[in-house]
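> Here you go, one structure.
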Amino acid sequence: MYSSQLLDHFEHPRNPGEVADADAIAQVENPACGDILKLSLKIVNGHIEEIGFLAKGCVPAMACGSALTELVKGQSVEAARRLRREELVRSVGGLPEASSHASHLAIEALAVALKQLKP
């Protein structure tokens with residue numbers, strides 16, 4: 001049902017927790033299923049130096065939170081803004097149709113966090 005990449009992110013999450021002295025913090029919730037994803041970011045010289053996530057919800061929601069942090073850590077803020085949901089889905093080896101909400105939640109949390117930063 002789930003890909004090996006997705007299960008790996010779930011079983012061995014990358015960048016879990018909150019970043020101290022974060023420059024941006026965003027928490028979003030899927031009202032339909034109750035999944036919650038919280039991101040915290042530390043920005044240095046226009047790049048995401050640190051990013052952490054906390055997730056409450058289904059296996060795909062936690063895996064997408066983990067994968068998202070790997071995809072944007074070290075990237076410029078502008079590059080992170082260009083991340084597409086399809087790239088996130090590919091990074092976890094695909095998602096069952098019923099779990100596509102998990103990738104939307106992660107991308108939405110990133111967008112909310114990045115909007116807090118000065119251009």
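The values are calculated or read from the model by the stated rules, or taken from the named source; none is laboratory data. Bear in mind that the values here come from a model prediction, so they are computed numbers and not experimental data. As a convention, Cβ positions derive from the backbone with ideal geometry for all residues, glycine included, and neighbour counts pool all protein chains shown. SASA here: full protein model, heavy atoms, side chains in, ligands and nucleic acids out. Shrake-Rupley method; radii C 1.70, N 1.55, O 1.52, S 1.80 Å.
> I'd like to know if the range 26-33 contains one or more residues that are under 19 Å from ALA79 (Cβ atoms), within 11 Å of the chain's Cα centre (by Cα) and not basic (Lys, Arg). Give the steps one after another, and end with the answer.
Of all residues in the range 26-33, those under 19 Å from ALA79 (Cβ atoms) come to 26.
Narrowing the set further to residues that are within 11 Å of the chain's Cα centre (by Cα) leaves 26.
Among the residues that remain, those that are also not basic (Lys, Arg) are: 26.
Yes; the residues of the range 26-33 include at least one that is under 19 Å from ALA79 (Cβ atoms), within 11 Å of the chain's Cα centre (by Cα) and not basic (Lys, Arg).
> Just for the range 1-25: of the residues that are farther than 14 Å from VAL72 by Cβ and of a type in the set (S, T, N, Q), which one is least open to solvent (accessible area, probe 1.4 Å)?
Step by step, filter the range 1-25, then rank; the result is SER3.
> Considering each residue of the range 1-34, count those that are in contact with a strand residue (DSSP E or B) (Cβ under 7 Å, 6 or more places away or on another chain) and either outside any loop (DSSP other than H, G, I, E, B) or touching a residue at least 40 places away in the same chain (Cβ under 8 Å) (or both), and give that number.
The qualifying residues number 9.
> Which condition does GLU49 not pass, out of (1) at negative phi; (2) touching a residue at least 40 places away in the same chain (Cβ under 8 Å), if it passes all the others?
Unmet condition: (2).
> Right, something else. When you scan the range 54-73, do you find a residue that is assigned to a strand (DSSP E or B) and among the hydroxyl-bearing types (Ser, Thr, Tyr), even just one? Spell out how you get there, then give the answer.
Applying the first criterion (assigned to a strand (DSSP E or B)) to the range 54-73 yields 54-56.
Within this subset, residues satisfying the condition of being among the hydroxyl-bearing types (Ser, Thr, Tyr) are none.
No, the range 54-73 has no match at all.
> Could you list, in sequence order, all residues of the range 58-105 that are crowded, with 17+ Cβ neighbours inside 10 Å, more than 14 Å from LEU7 (Cα to Cα) and of a type in the set (S, T, N, Q)?
THR69, SER103
> Say we look at the range 78-99 and pick out the residues that are among the basic types (Lys, Arg) and under 13 Å from the mean Cα position of the chain (by Cα); which of these is nearest to GLU49 (Cα to Cα)?
Taking the range 78-99 as the starting set, the residues that turn out to be among the basic types (Lys, Arg) are 81-82, 84-85, 90.
Next, from what is left, pick out any that are under 13 Å from the mean Cα position of the chain (by Cα): 81, 84-85.
On the way: ARG81: 15, ARG84: 20, ARG85: 21 Å.
So, considering only residues that are among the basic types (Lys, Arg) and under 13 Å from the mean Cα position of the chain (by Cα), the one nearest to GLU49 (Cα to Cα) is ARG81.
> Looking only at the range 67-119, how many residues end up being at pLDDT below 95 and on the phi > 0 side of the Ramachandran plot?
Number satisfying all stated conditions: 0.
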